1. Please identify the pairs in which a residue from segment 90-102 that is in the same structural domain as residue 44 (by TED's automatic domain parsing) has its Cβ atom under 7 Å from the Cβ atom of a residue that is open to solvent by 20 Å² or more (accessible area, probe 1.4 Å) and charged (D, E, K, R), counting only partners at least 6 apart or on another chain.
2. Here are 314, 328: which of them is more than 16 Å from the ligand (Cβ to nearest atom), basic (Lys, Arg), open to solvent by 50 Å² or more (accessible area, probe 1.4 Å) and closer than 13 Å to residue 113 by Cα?
3. If I ask for residues that are open to solvent by less than 30 Å² (accessible area, probe 1.4 Å) and either part of a helix (DSSP H, G or I) or within 20 Å of residue 64 (Cβ to Cβ) (or both), which ones from segment 236-254 would you list?
4. In segment 335-361, what residues are on the phi > 0 side of the Ramachandran plot and open to solvent by 50 Å² or more (accessible area, probe 1.4 Å)?
5. How many residues does segment 255-291 contain that are more than 10 Å from the ligand (Cβ to nearest atom) and either among the hydrophobic types (A, V, I, L, M, F, W, C) or surrounded by 22 or more Cβ atoms within 10 Å (Cβ to Cβ) (or both)?
6. Need the failing condition index for residue 297 against (1) open to solvent by less than 20 Å² (accessible area, probe 1.4 Å); (2) within 16 Å of the ligand (Cβ to nearest atom); (3) free of Cβ contacts under 8 Å to residues at least 40 places away in the same chain, just the number.
7. Hey, can you tell me all the residues within segment 74-84 that are open to solvent by less than 60 Å² (accessible area, probe 1.4 Å) and either modelled with pLDDT under 95 or not in a helix (DSSP H, G or I) (or both)?
8. If you check every pair at least six apart or on different chains, which have Cβ atoms under 6 Å apart with a residue in segment 139-151 that is more than 12 Å from residue 104 (Cβ to Cβ) first and a residue that is outside any strand (DSSP E or B) second?
Amino acid sequence: MAANKKLLILPGDGIGPEVMRQVRRVIDWMDRRRSVTFDVQEGLVGGSAIDQHGVPLSDETMADAMGVDAVLLGAVGGPKWDQMSFDKRPEAGLLRLRKEMELFANLRPALVFDALVDASTLKPDIVRGLDLMIVRELTGGVYFGEPRGIEDLANGERRGVNTQVYTTSEIRRVARVAFELARKRSRKVHSVEKANVMESGLLWRQEVTKLHQEEYSDVELQHMYADNCAMQLIKAPKQFDVIVTDNLFGDMLSDEAAMMTGSLGMLPSASLGAETGGKRRALYEPVHGSAPDIAGRDLANPIATLLSFAMMLRYSFDMHEDAGTIERAIENVLNGGMRTADIMGPGMARCSTGVMGDSILRELDKLSA
Ligand code: NAD
């Protein structure tokens, strides 16, 4: 039996616990097969942690996150906590995890399953076979830069300030992740910034170019302005393989790429930190939020979270075969016509979160028989 894999599960708020339940079923299924055992801890984050501990992430849970091999998170937030100040809100728990685990690279694949090609708002021939990866810088840039704040001016106006800032090492480490990924894919990287109007963008372009020349000349590198990239993603998304960009542009471009796949409910993500002692800190989570509009109704699509778990198997545990089996099981269920409401199409069978989980487990049984 393989050694224990230590993981921390943080279901969070809204649909988080509902979709995570389906992951627990897959983990139990894997445990039963005895190919691997998971040492699973569970904790609170976001609104549920505020309700229980008064803070969106307790020090104990933070320490747990630092001690495990990987963290899997559902989603945080909801109207109940919307009036709180930014530093006390559910999202602050997630930002603390990202910051203290030094998760500087956010990987968001946009993969269009053949069975869902019609769910995209783009024409089928534009998105069929789409498989791209956006690598977003996650711990720097304008979301963290100082000075920041809202101040009262003498003339009675107010002024809001945020600062876009990047250093050489911040740029190089995230670009390195992109180049390494590209080597395992189609050896093509698009580096995206606004070097035409922002100094931080110019530095980004210079540093990525330098690293490329020094270590990754076997990978094709193209530079693109962020606004053009937004257009190109809609026009011809299959020209891209790996896109690397900063925190702000990555936030937007990855949501745009998300929509090509039809539903937020299908999108996984991984956030990776530095490698120390052969171990890389990592947090896996679906791209979607806590979806308060459908929470508690067994309607949520669990596939984004299951695919995030599959990414965890791949990137944290090198369990490529098991990850592939889960992905194949999901694909087979979709090919069989099973759909949660968010990806429903004509002639398909509408199902609940739980029934989608049942179907995927049945498919896993078949695939491993
Ligand atoms: P959202 O992603 O929660 O929902 C957007 C829309 O997509 C909703 O109509 C929702 O029903 C639908 N949707 C999302 N996930 C789905 C799934 N798995 N299955 C079916 N439908 C799904 O975004 P929002 O409505 O802007 O935000 C709601 C709350 O979530 C807010 O409090 C926000 O701050 C928070 N949020 C959290 C995260 C996170 O935890 N990483 C990310 C985004 C938003």
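1. Listed by first residue and then by second, the contacts come to 101/281; 102/281.
2. Within the list 314, 328, the selection yields 328.
3. First, pick out the residues of segment 236-254 that are open to solvent by less than 30 Å² (accessible area, probe 1.4 Å): 237, 240-247, 250, 253-254.
Answer for segment 236-254, where residues must be open to solvent by less than 30 Å² (accessible area, probe 1.4 Å) and either part of a helix (DSSP H, G or I) or within 20 Å of residue 64 (Cβ to Cβ) (or both): 237, 247, 250, 253, 254.
4. 347
5. Count: 14.
6. Tallying (1) open to solvent by less than 20 Å² (accessible area, probe 1.4 Å); (2) within 16 Å of the ligand (Cβ to nearest atom); (3) free of Cβ contacts under 8 Å to residues at least 40 places away in the same chain, residue 297 fails exactly one: (1).
7. Listed by number, the residues that qualify are 74, 75, 76, 77, 78.
8. 142/164; 142/248; 143/247; 145/164; 145/165
The values are calculated or read from the model by the stated rules, or taken from the named source; none is laboratory data. Just so it is clear, the structure is predicted and the values come from calculations on it, not from any experiment. Backbone-built Cβ (ideal geometry, glycine too); neighbour counts: all protein chains shown. With ligands, DNA and RNA removed, areas are computed over all heavy atoms of the protein, side chains included. Shrake-Rupley method; radii C 1.70, N 1.55, O 1.52, S 1.80 Å.
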